[in-house]
Amino acid sequence: MKQSLEEIISLAGQCRCGHCHDDIPIERMVVGRDAFEQLAAYLRQKQYRKAALVADERTLAAAGQSLCDKLENESIRYTVCLVQPDENGDVIADERSIVQVLLETPNDADVMIAVGAGTIHDITRFSSYKMKIPFISVPTAPSVDGFTSMGAPLIVLGVKKTIQAQAPVAVFTHTDVLCQAPKAMVAAGFGDMVAKYTSLADWQFAHWMADEPHCPLVHQLTEQALKACVDHIEDIAAGGERGIRVLMDALLQSGIAMLLIGQSYSASGAEHHLSHYWEMEFLRQNKRQVLHGAKVGMSTPMVIERYQQVLLPLLDELEKRPEPMDEAVWRRFKENAAVIRAQLESLQSPERVRAMMEKVGGAVAPEQLGIDPPLVERSWREAHHLRPNRFTMLHFLNEFVL
Ligand SMILES: [Zn+2]
Ligand SMILES: [Zn+2]
């Protein structure tokens, strides 16, 4: 069962984990057929008079007309900035797109509206932050859980970095638009959710091993969202309104959970670090990008497999400290051996996760996404350096065991 925004905020108020959960900037979250009417009413109520829409050609075609009609009905003035794709035909969140959006957004705009998937959101998130105006999220595909995040992963001078910007003030997503999204984007959204098997396990591990901040509510909300997707996999694979709604609600819930703790701990572990590593290599080679969720949905069973194959034998031989294992780290590992074992054994099996990804039409092997074996090998050894302060199991294996 998913929780409404109000329920989550109320649960957060009762959470005793010690972390501040007061900074949720999101005021409205609407998933439904009346999303655009509600968006227009919200703009009116907030007295936003001039909206700057940011979209690309595809997302404007998917949602633009019906959204613009509603804005006109409410006599809200708006401009549309169509972000141009690069030479590969991809819209990229890089300096070129950002300058285009900044140039085409009128100086007197009082709100920006991101109409699109993850990339359009990241461009708008950053541009609106720099223009010191709020932005509203209008997801056009259930493809990722980052719509509501604060951080904008941007590619600057060819290198991807996440820059802290701002979360949207509201989210309005029309289920008819979502249902028309390409199947690959639905599979990607599902992939970003199955990634929670390993991201949650890595987060828990980091908490046990390195006292990384932890919040049981954030953990539970994320787990609940994952479970909803797994329970409704048939509906999601069928692509009907019911399944798409479950998936979108789950992605939003995972996003809100991240906002509660102000970090991506719950939603991004080694499976995401591998994916980011591959993405950077693709950028270097100027290869066409692969959907984020396609990569993390594929890497999740790989990570489960590796963790079970390498860590379980280590737990079986706790008396033999491997060289050159740091003594303090080894002590921590031994102290937490029972919970770590229970967690590894309770992880979903890699075969089952692959079967789920196949069911929704996602990739299950690196080659299907153009990721070759030498790159996979290198990423196993180096991907954890992308987030050096996250004590994932991959970090532990690379820095202390192998
Ligand atoms: Zn993700
Ligand atoms: Zn908490």
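Here Ala328 meets the list (1) assigned to a helix (DSSP H, G or I); (2) in contact with an Asp or Glu (Cβ under 8 Å, 6 or more places away or on another chain); (3) more than 20 Å from Ser199 (Cα to Cα) almost entirely, failing just condition (2). Suppose we keep only residues that are open to solvent by less than 10 Å² (accessible area, probe 1.4 Å) and either over 17 Å from Gly297 (Cβ atoms) or among the basic types (Lys, Arg) (or both) within segment 226-254. Which one would you say is farthest from ligand 2 (Cβ to nearest atom)? Going through the qualifying residues, I end up with Leu252. Of the residues making up segment 135-168, just one is within 14 Å of ligand 1 (Cβ to nearest atom) and over 15 Å from the mean Cα position of the chain (by Cα), namely Lys160. In summary, Gln285 fulfils each of the numbered conditions (1) at pLDDT 95 or above; (2) among the polar types (S, T, N, Q); (3) more than 16 Å from ligand 2 (Cβ to nearest atom) with the single exception of condition (1). Could you please let me know if Leu217 is touching a helix residue (DSSP H, G or I) at 6+ places or on another chain (Cβ under 9 Å), crowded, with 22+ Cβ neighbours inside 10 Å and either of a type outside the set (Asp, Glu) or modelled with pLDDT under 95 (or both)? The answer is no for Leu217.
Number of residues in segment 12-55 that are over 14 Å from Val169 (Cα atoms), within 16 Å of ligand 2 (Cβ to nearest atom) and of a type outside the set (D, E, K, R): the value is 9. Any residue at all in segment 33-46 that's in contact with a strand residue (DSSP E or B) (Cβ under 6 Å, 6 or more places away or on another chain) and either within 16 Å of ligand 1 (Cβ to nearest atom) or at pLDDT below 95 (or both)? Within segment 33-46 (the criterion being in contact with a strand residue (DSSP E or B) (Cβ under 6 Å, 6 or more places away or on another chain) and either within 16 Å of ligand 1 (Cβ to nearest atom) or at pLDDT below 95 (or both)), the answer is no, since none of the residues qualifies. When residues in segment 164-189 are screened for being open to solvent by 50 Å² or more (accessible area, probe 1.4 Å) and aliphatic (A, V, I, L, M), 1 of them pass. Does segment 17-27 contain at least one residue that is touching a Phe, Trp or Tyr at 6+ places or on another chain (Cβ under 9 Å) and either away from ligand 1 (no atom under 16 Å from the Cβ) or not β-branched (Val, Ile, Thr) (or both)? Yes, some residue in segment 17-27 is touching a Phe, Trp or Tyr at 6+ places or on another chain (Cβ under 9 Å) and either away from ligand 1 (no atom under 16 Å from the Cβ) or not β-branched (Val, Ile, Thr) (or both). Of all residues in segment 34-57, those satisfying the criterion of being free of Cβ contacts under 8 Å to residues at least 60 places away in the same chain and either crowded, with 24+ Cβ neighbours inside 10 Å or assigned to a helix (DSSP H, G or I) (or both) are Glu37, Ala40, Ala41, Arg44, Gln45, Glu57.
Please indicate, with yes or no, whether at least one residue in segment 194-203 is open to solvent by 30 Å² or more (accessible area, probe 1.4 Å), assigned to a helix (DSSP H, G or I), more than 22 Å from Ile163 (Cβ to Cβ) and more than 15 Å from ligand 1 (Cβ to nearest atom). Taking every residue of segment 194-203 in turn, none turns out to be open to solvent by 30 Å² or more (accessible area, probe 1.4 Å), assigned to a helix (DSSP H, G or I), more than 22 Å from Ile163 (Cβ to Cβ) and more than 15 Å from ligand 1 (Cβ to nearest atom).
Pairs meeting the criteria (first residue in segment 304-328 and without any contact (Cβ under 8 Å) to a residue 60 or more places away in the chain, second residue open to solvent by less than 60 Å² (accessible area, probe 1.4 Å) and aliphatic (A, V, I, L, M), beta carbons under 6 Å, at least 6 apart or on different chains) are Gln308/Leu344; Leu312/Leu344; Leu315/Ala337; Leu318/Ala337. Pro182: more than 19 Å from Arg352 (Cβ to Cβ) and touching a residue at least 60 places away in the same chain (Cβ under 8 Å), yes or no? Here the answer is no, as Pro182 does not meet what is asked.
The values are calculated or read from the model by the stated rules, or taken from the named source; none is laboratory data. A quick note: this is a predicted structure, and the numbers were derived from the prediction, not measured. Positions of Cβ are generated from backbone atoms using ideal geometry, with glycine treated the same way; all protein chains shown enter the neighbour counts. The area values use the complete protein model at the heavy-atom level, side chains included, leaving out ligands, DNA and RNA. Shrake-Rupley method; radii C 1.70, N 1.55, O 1.52, S 1.80 Å.
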